[in-house]
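S.K.: One structure, pasted below without further comment.
The values are calculated or read from the model by the stated rules, or taken from the named source; none is laboratory data. Since the structure is predicted, the reported quantities are computational estimates derived from the model, not experimental observations. Every residue, glycine as well, gets a Cβ built from its backbone with ideal geometry; the counts of neighbours run over all protein chains shown. Areas reflect the complete protein model, heavy atoms only, side chains present, ligands, DNA and RNA absent. Shrake-Rupley method; radii C 1.70, N 1.55, O 1.52, S 1.80 Å.
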Amino acid sequence: MPENAKKISFAKCGEDSTCGTSREREAAYSGSKKEMTCVVCPTGCVLTITLNADKSVKSVTGNACGRGVIYAENECVRPMRTLTTTAALANGRMLPVRTDRAVPRDTLIDCMREINRKIVAPTAKIYDIIIENVADTGANVVAAANGSDCA
Amino acid sequence: MKKQLVIIGGGPAGMAAAVAVRDHGIEDILILERAAHPGGILRQCIHSGFGLHKFKEELTGPEYAWKYEQMIAERGIELMTGTMVIGLTQEKVVTAVNPALGVFTVEAQAVILAMGCRERPRGALNIPGTRPAGILTAGTAQKFVNIDGYLPGKRVVILGSGDIGLIMARRMTLEGAKVEMVCELLPYSGGLARNIEQCLNDFGIPLLLSHTVTEIHGDRNLQTVTVSQVNTNRKPIPGTERLVECDTLLLSVGLIPENELTAMAGLTLESTTGGTAVDERRETAIPGIFACGNVLHVHDLVDFVSDEAELAGHGAAAYIQGKARKGRPLIVAAGTGVRYTVPRHVIERSKPVKIYFRVTDVFRDASVVVRDSRAVLFSQKKSRLAPGEMESVTLAPELLKRASGDILTVMLEVQNA
């Protein structure tokens, strides 16, 4: 595992960044309203979230579907992401894999570390479980292709 | 060899077209694919976000490809992999080559072009400096990491904020590289908002808008790049230069439809899309030759590629079955604020037609307007429009029939100009 992987921090864009969306969000963060881009699907709805005094979500607008509400609620507490990566096959090829559900964003590097240690049999079939309960997240890592197709 | 239909390219467009044609009763189909496996670029797009429209579930690229591979296999559609098409004539004679058959020709009744696109390379950018190792397109890096299992570098600068560049920023970070920054020449990103969020903001990777790489330094290997801010004319501003240490420069600076065969057949290419002009069933100016997917215009989402390929498939099946078409073409032109429209003309006005288009700039609170020579026929408000996100309007048959003259214009009207 590369050493600098530990240094990754999950921050927003830095102060000197000219990142448009982040800046807009920065301004919107102060007060009881938040604005964020939903990442659940490629539509990328811009969500406006009204917070209660205890910072929990009071209401969400701008979402095109119900998943936007769940996304906003998680995002305010503990952001969740589906991890997609590759695992090495014993024949030297790479097998695309993913978690079968979203995992806490702050566990992504732990998940990567565990997956990068794994050597998978080339006979693996699509949707076979490669790792159970990866990094104690409750999610399984599954194959996203047949090992035999990874040539 | 003779075939009713030859499909050039076994990526998402070619496979979806084949399935559609087969489901319309055409059996004699041949897909020609140059790679060893079908699936095209999806094979290396291991991230998720595919299939939400088409299959109502979130799939990775390989999973999306797998669904179509199974459909092809279930239908017994002939697929020749490792086969490169090297020629196409107006008479629909396809010349191809592979190790088993050598050079061979296929006389086709109809052809569907589904060759996809490729990346703009460094040579198209004219960045001054040396020519060290470590400069590659984002898609090449994606293949190295995801298919071959090699990490091409440890300190990365990404030029261009297209989706592949953003996806690779996250991918390289997860595999242990440090992505210093993503530079974007334009004052806005060409990538999906969601990718800026989950690929850059999640990892604290800065996105420098109105910035570009103005010099490349390094003898054998890349050592530093000069990054400069640009003005509104996209010219570097003197005094804003800074040196950024890196061993890898990834280029995500646009995709070019791969249309050599299209041109060879005598079709003209549009400067806006890089593809040829088609009607609503994706038939080109040569009857019986159809085009779909990224070879026609670069899409953001594979789901829309599949939709378009199905239209081309229905069209090719109808052509082979000799179904006559009537009607004078109604041209769909791109007006103010609209860069291009696909299709470029509509022949049959009895069915709804979805017009895909891209806008020229970022617009807020604009209306998408469709008008004929006399009046506005359709108007729809949009809170935000951006060049990186393909838009569409669906024109109802009654609107198409009501249109006076031969031209419909799709344009934007901006409220707070």
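S.K.: Go through A:THR82, B:THR284 and list them by solvent-accessible area, largest first, probe radius 1.4 Å. Each step should come with its number before you reach the end.
M.R.: On the way: A:THR82 55, B:THR284 15 Å².
Correct descending sequence by accessible area is A:THR82, B:THR284.
S.K.: Any idea what Rg and Dmax come out to for the protein assembly as shown if you just take the C-alpha atoms, in Å?
M.R.: Using the Cα atoms of the protein assembly as shown, the pair Rg, Dmax is 24.1, 74 Å.
S.K.: Could you name the lysines in cross-link range of B:LYS56, using Cα to Cα under 16 Å and dropping any fewer than eight places away on the same chain?
M.R.: Cross-link targets: B:LYS67.
S.K.: Same structure, new question: With unit charges on the beta carbons (Lys and Arg positive, Asp and Glu negative) and the dipole taken about the Cα centre of segment B:224-354, which residue among B:VAL353, B:GLY275, B:SER228 sits farthest to the positive side?
M.R.: Working it through, the farthest residue towards the positive pole turns out to be B:VAL353.
S.K.: Just to verify a number: what accessible area does A:ASP106 come out at with the full protein assembly present, 1.4 Å probe, Å² rounded to tens?
M.R.: The accessible area comes out at roughly 80 Å².
S.K.: Next up: For segment B:313-417, calculate the relative contact order in percent as a whole number, restricting contacts to Cα pairs under 8 Å that are 6 or more residues apart. Intermediate values should be presented prior to the final figure.
M.R.: Details: 212 pairs, mean separation 34.0, N = 105.
Relative contact order here is 32 percent.
S.K.: Let me ask something additional. Got a number for carbon plus sulfur as a percent of the protein assembly as shown's accessible area, 1.4 Å probe?
M.R.: Carbon and sulfur together cover 51 percent of it.
S.K.: Under unit Cβ charges (Lys, Arg +1; Asp, Glu -1), what dipole magnitude, rounded to 20 debye, does segment B:360-400 have relative to its Cα centre?
M.R.: Its charge dipole is roughly 140 debye.
S.K.: Relative to the Cα centre, what is the charge dipole magnitude of segment A:84-149, using +1 at the beta carbon of each Lys and Arg, -1 at the beta carbon of each Asp and Glu, and rounding to the nearest 20 debye?
M.R.: Working: 8 positive and 8 negative charges, 36 e Å.
So the magnitude is around 180 debye.
S.K.: Further question: For segment B:226-259 and segment A:86-151, what is the separation of their Cα centres, given in Å?
M.R.: What the calculation gives is 35 Å, centre to centre.
S.K.: Putting +1 on Lys and Arg Cβ atoms and -1 on Asp and Glu Cβ atoms, find which of A:SER32, B:GLY327, A:VAL141 reaches farthest to the positive end of the dipole of the protein assembly as shown.
M.R.: Value: B:GLY327.
S.K.: B:MET71 accessible area, nearest 10 Å², 1.4 Å probe?
M.R.: About 40 Å², rounded to the nearest 10.
S.K.: Over the alpha carbons of segment B:92-191, what is the largest minus smallest coordinate on each principal axis, giving the biggest first in Å?
M.R.: Principal extents (largest minus smallest coordinate, Cα): 52, 33, 28 Å.
S.K.: Using the crude model of +1 on Lys and Arg Cβ and -1 on Asp and Glu Cβ, and no other charge, please compute the dipole size for segment B:26-153 relative to its Cα centre, in debye to 20.
M.R.: Magnitude of the dipole: close to 660 debye.
S.K.: Between segment B:80-146 and segment B:150-205, how many Å separate their Cα centres?
M.R.: For segment B:80-146 versus segment B:150-205, the Cα centre distance is 26 Å.
S.K.: Let me ask something else. Could you name the lysines whose alpha carbon sits less than 28 Å from that of A:LYS58, not counting residues in the same chain fewer than 8 places away?
M.R.: A:LYS12, A:LYS33, A:LYS34, B:LYS382
S.K.: Per residue Cα convex hull volume for chain B, in cubic angstrom?
M.R.: 153 Å³
S.K.: While we're here: Give a quick list of GluC sites (Glu not before Pro) in segment B:72-131 that DSSP marks as loop, anything other than H, G, I, E or B, with at most 10 other Cβ atoms within 10 Å.
M.R.: Hits after loop and neighbour filter: B:GLU91.
S.K.: By a straight-distance test (C-alpha under 17 Å), which lysines pair with B:LYS154 as possible cross-link partners, with residues fewer than eight away in the same chain excluded?
M.R.: Excluding near neighbours in sequence, the set is A:LYS6, A:LYS7, B:LYS143, B:LYS178.
S.K.: Of B:ILE256, B:ILE164, B:LEU185, which is farthest towards the positive pole of segment B:139-269's charge dipole, taken about the Cα centre with +1 and -1 on the beta-carbons of Lys, Arg and Asp, Glu respectively?
M.R.: B:LEU185
S.K.: Among B:ARG364, B:ARG155, B:ARG349, what's the order by accessible area (1.4 angstrom probe), most exposed first?
M.R.: Descending accessible area places them as B:ARG364, B:ARG155, B:ARG349.
S.K.: When the Cα centres of segment B:303-338 and segment B:342-358 are compared, how far apart do they sit, in Å?
M.R.: About 7 Å separates the Cα centre of segment B:303-338 from the one of segment B:342-358.
S.K.: With every protein chain present, what accessible area does B:ILE26 have (1.4 Å probe, heavy atoms only), rounded to the nearest 10 Å²?
M.R.: Taking all protein chains as shown, B:ILE26 has close to 10 Å².
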